[in-house]
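Computed from the coordinates by the stated procedures, all read-outs in this text should not be read as laboratory data. Fair warning: this is a prediction, and the values are worked out from it, not measured in the lab. Because the Cβ atoms are built from the backbone with ideal geometry, glycine has one as well, and the counts that use them run over all protein chains shown.
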Amino acid sequence: MGAIRKRVIIADDEAHIRRVFRDVIERENLEVVAEAADGEEAVEFYRRDKPDVLFMDINMPHKTGEEGLKEILAEFPEARVVMLTMVADTDTVRRCVEAGAAGYILKSLSVNELRDCVREVMGVAGSS
Amino acid sequence: MTAMREDAVGATVEPATGGSRSSESTWPGTGLAEALLDAAPIPLLVIDADDTVRFANRVARLDGGRGTVGPRFGDVLGCEVAGQGCGTTPTCAVCGAWKAVRLARGGDATAEECRLRTRGGDSISYRVTATPVDVAGERWLVCGFLDVSVACRHRILEHAVFHDVMNLASGVRGLSELRATTPVEQRGDLDTLIESGASALTNMIQDQRTVVLAERGGLELSLKELDARALLESVRSEFDGHELCRQRRLVIAGDAVSGRFISDKTVLSLVLRHLVRNAMEAAPRGTVVTLGCGPDGRAMVFRVHNPGVMSDVVRLQLFHRGFSTRGEGRGIGTYAVKLLTERFLRGKVDVVSEEPHGTVFSVRVPHAAPSGPRGE
């Protein structure tokens with residue numbers, strides 16, 4: 001019997017960023033169950049799909065990543081949410097981590113660096 | 001260093017209406033106190049317990065006299081709503097300068113940012129400090145007005161470049177890296193995304209450049225005859241497949257009327273695109289953003305409607321540079337819309353936002369060609 005793939009949701013208002021993360025994640029034999037384009041969708045899709053990890057952009061329309069993070073953690077305290085950001089040294093990133101985000105990833109990283117971050121987050125040893 | 005605007009002060013500025021006045025309050029500071037205030041490189045105003053200006057330093061005084069004594073600071077700064085009574089209008093409730101003054105009345109020096117529009121149409125960002133001082137047994141506030149418009153502009157531009165452009169550029173770069181390890185027969189949609197991303201990047205940078213040129217007064221228009229409905233359709237089609245259309249629809253009203261007029265297609269398209277983007281981001285999920293156009297006398301009017309209603313706090317600060325409902329430093333959208341439309345296209349931008357009708361932005365441009373920037 002094959003191993004059950006870990007399930008992921010990607011939330012970012014930039015389609016190109018979502019595609020990069022989708023490809024990197026799927027190449028690690030992980031399953032992208034949904035893509036959200038704003039904070040409202042991110043919360044809605046999390047409730048519906050309850051993924052193993054949510055990768056969520058901080059800066060999104062309709063509901064920010066910070067707002068979405070707090071809403072998800074209030075309802076699902078065990079949720080693993082990794083924030084996506086262009087800049088690491090902001091008050092927003094710090095607040096998200098203090099609020100319970102599992103960490104953050106810089107979107108400006110190379111594909112190889114993103115792959116390493118995803119592996120670390122998902123606890124995978126390498127592509128299978 | 002910035003002196004007060006020429007239309008803001010004069011030898012015979014009338015006291016503002018509204019509110020009580022302590023007609024007996026006279027700023028007692030003389031000699032050293034006034035010399036120190038006069039030596040400051042920024043405008044300083046001393047206000048009494050009734051918020052009346054009782055002393056203006058050298059930089060604040062354009063005519064060298066004490067003509068600025070008596071009004072409120074909005075009158076001295078030339079604020080566009082001061083004529084209705086500085087401190088008494090709904091706009092004053094969200095004014096950074098008034099916030100600094102109210103907080104300083106509690107006893108501690110404060111600093112707030114104030115985005116002000118003058119009667120002449122200039123948009124100025126001030127860092128306002130309010131410091132309580134006790135002189136001759138009376139409490140005064142020394143208010144400083146540091147013009148930070150340039151810094152504000154840079155902050156917005158930095159955000160646009162360092163965040164928005166980098167965000168998209170990172171995506172394009174990532175897709176290019178992935179393409180290199182993707183089998184040739186599977187590269188089709190990657191190529192499409194890379195091309196669309198590069199195109200969007202170019203447009204984003206060009207839009208920012210247009211706004212920067214406009215702010216410097218160096219924007220040159222390229223005028224030609226346009227068709228209103230065709231222009232609207234062109235803007236609408238830019239949003240085909242756009243992220244913002246995932247949960248909302250963008251349509252052209254059935255009663256949109258075409259018509260010929262002369263204007264700059266690039267600038268007007270930029271204006272309409274910004275309004276559409278804002279409308280799509282403000283519209284509740286599952287709703288429709290509607291575009292309309294039609295002649296109105298000697299003008300062509302474009303309308304962007306969304307069912308959402310903005311709060312008074314948002315509406316009162318809407319066209320100020322630096323204000324945004326999307327986060328610190330992001331706010332070039334509606335400010336640029338007003339700048340480009342009114343100063344360069346010689347048009348007018350208005351907004352109405354109320355229940356149950358929603359929000360409508362109207363852009364009115366003259367039929368005839370604009371002859372150059374207004375007010376330059």
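In this label model, B:Ala49 and B:Leu103 are separated by 2.4 nm, measuring between points 7 Å along each Cα→Cβ vector. In vacuo Debye scattering of chain B, one point per C-alpha: log10 I(q)/I(0) at q = 0.07, 0.09, 0.12 Å⁻¹? Listed by q, the Debye log ratios stand at -0.40, -0.63, -0.97. For the stretch B:91-240, the equivalent ellipsoid derived from the alpha-carbon gyration tensor has semi-axes of 48, 23, 13 Å in decreasing order.
Using only side-chain charges placed at the Cβ, +1 for Lys and Arg and -1 for Asp and Glu, the dipole size of the stretch A:66-128 relative to its Cα centre rounds to 220 debye.
Amide hydrogen proximity for B:Ser263: with H placed 1.01 Å from N in the peptide plane, the residues at 5 or more positions away or on another chain lying under 5 Å are B:Lys224, B:Leu226.
For the pair B:Arg298 and B:Ala93, a Förster radius of 56 Å applied to the C-beta separation gives a FRET efficiency near 0.90, rounded to the nearest 0.05.
In units of the rule-of-thumb radius 2.2 N^0.38 Å, the protein assembly as shown shows an alpha carbon radius of gyration of 1.14. Over chain B, DSSP H runs of length four or greater, each weighted -39,500 (n - 2.57), average out per residue to a 222 nm ellipticity of -9500 deg cm²/dmol.
Plainly put, the stretch A:1-120 has a radius of gyration that is 0.94 times its Kirkwood radius, both from alpha-carbon atoms, as the Rg/Rh ratio. The residue among B:Pro132, B:Ser196, B:His163 whose Cα reaches farthest toward the positive pole of the charge dipole of the stretch B:128-234, with charges on the beta-carbon of Lys, Arg, Asp and Glu, is B:Pro132. Taking other residues whose beta carbon is less than 10 angstrom from the beta carbon of A:Arg5, and scoring Lys, Arg as +1 and Asp, Glu as -1, yields -2.
Once C-alpha pairs closer than 8 Å and six or more residues apart are averaged by separation and normalised to the residue number of the stretch B:196-276, the relative contact order reads 41 percent.
Between the amide H of A:Ile105 and those of A:Met83, A:Leu84, A:Thr85, distances stay under 5 Å, these residues lying 5 or more places away or on another chain, with hydrogens modeled in the peptide plane. Here the simple spin-label model places points 7 Å from the Cα toward Cβ, and for A:Glu67 and B:Asp350 these points are separated by 3.0 nm. Remark: mean inter-chain Cβ contacts per residue of B:154-167 equal 2, using a 10 Å Cβ-Cβ cutoff to other protein chain atoms.
In this rough spin-label picture, where each label sits 7 Å from Cα along the Cβ direction, the A:Arg5-A:Arg48 distance is 1.9 nm.
Just need the relative contact order of chain B here, percent rounded to a whole number, with Cα pairs under 8 Å and 6+ apart.
Numbers: 685 pairs, mean separation 43.8, N = 376.
Result for chain B is 12 percent.
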